[in-house]
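This report concerns only the one structure given below.
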Amino acid sequence: MNILILQASPRAKGNTAWMAEEMKNAAQAAGHQATLVDVSHKKIAGCLACEYCHTKGNGACIQNDDMQQLYPLMAQADVLVLAAPIYYFTLCAQLQAPIQRMYCVGKPAKVQKMALLLSSYSPGVYDGAKAEYRDICNYWGAADAGIVTANNDEQKTDAVKARIADIVAKL
Ligand SMILES: Cc1cc2nc3c(=O)[nH]c(=O)nc-3n(C[C@H](O)[C@H](O)[C@H](O)COP(=O)(O)O)c2cc1C
């Protein structure tokens, strides 16, 4: 399967980046095609709600930023993995922007499954992010392939690595 991983932490050596890399490596080892995109270092603005896409634009977004690189990757993905740190009890803004910019196309054309990788300092801070993720899975018609969380005491551990591998094994 074609797996697209969106990594949204600005910390290149942080926990989210580590989990995203583990996901990519496990997916490739299992024979999948996996692409990891660091959306945190892309210039992706929020949706303008200008409705150009739904009127003159015929599904295209008027904003000419790095999201234009992501649209074709989103269109080809069978599996979408969202990887984000928790900021103020929810998905960080660097992930919210590309998700909300999908407004122009409605939903990724081929995505059948999604997974979520979350990093935080504290335990028990994931309800908001999980609720949003599950609503997006439903809205995009994708099955939830699994959620992995890692708080400060769990980061970069073999247990987290095994949970990521478990998701890949069931894809
Ligand atoms: C702006 C900001 C907001 C944060 N909000 C929370 C929070 O609400 N709950 C929490 O447990 N950690 C919070 N954190 C800590 C990060 O989630 C935590 O350090 C995480 O492991 C960072 O992931 P990374 O290593 O992938 O960057 C916040 C960090 C930042 C920079």
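Once region 78-108 is narrowed to residues that are crowded, with 18+ Cβ neighbours inside 10 Å and within 22 Å of residue 57 (Cα to Cα), the residue that is farthest from the ligand (Cβ to nearest atom) is 104.
Of all residues in region 19-28, none satisfies being assigned to a loop (DSSP other than H, G, I, E, B) and modelled with pLDDT of 95 or more.
Yes or no, residue by residue, for (1) among the aliphatic types (A, V, I, L, M); (2) over 25 Å from residue 44 (Cβ atoms); (3) surrounded by 13 or more Cβ atoms within 10 Å (Cβ to Cβ):
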| site | (1), (2), (3) |
| --- | --- |
| 115 | yes, no, yes |
| 132 | no, no, yes |
| 137 | no, no, yes |
| 159 | yes, yes, no |
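Only residues that are assigned to a loop (DSSP other than H, G, I, E, B) and surrounded by fewer than 22 Cβ atoms within 10 Å (Cβ to Cβ): list them for region 1-18, please. Let's see the steps before the verdict.
Of region 1-18, the ones assigned to a loop (DSSP other than H, G, I, E, B) are 1, 8-14.
Of everything in region 1-18, those that are assigned to a loop (DSSP other than H, G, I, E, B) and surrounded by fewer than 22 Cβ atoms within 10 Å (Cβ to Cβ) turn out to be 1, 10, 11, 12, 13, 14.
Might you let me know whether region 141-160 holds any residue that is touching a residue at least 60 places away in the same chain (Cβ under 8 Å) and either under 30 Å from residue 64 (Cα atoms) or of a type in the set (Lys, Arg) (or both)? Yes, region 141-160 has at least one match.
Across region 1-48, what is the number of residues that are in contact with a strand residue (DSSP E or B) (Cβ under 9 Å, 6 or more places away or on another chain), within 16 Å of the ligand (Cβ to nearest atom) and not acidic (Asp, Glu)? Explain how you work it out, then say what you get.
Initial filter on region 1-48 (in contact with a strand residue (DSSP E or B) (Cβ under 9 Å, 6 or more places away or on another chain)): 1-12, 14-28, 32-40.
Imposing the further condition that a residue be within 16 Å of the ligand (Cβ to nearest atom) reduces the set to 5-12, 14-24, 36-40.
Filter again for not acidic (Asp, Glu), leaving 5-12, 14-20, 23-24, 36-37, 39-40.
Here the count works out to 21.
The values are calculated or read from the model by the stated rules, or taken from the named source; none is laboratory data. None of these values were measured; they are calculated from a predicted model. Reconstructed Cβ throughout: ideal geometry from the backbone, glycine too, with neighbour counts over all protein chains shown.
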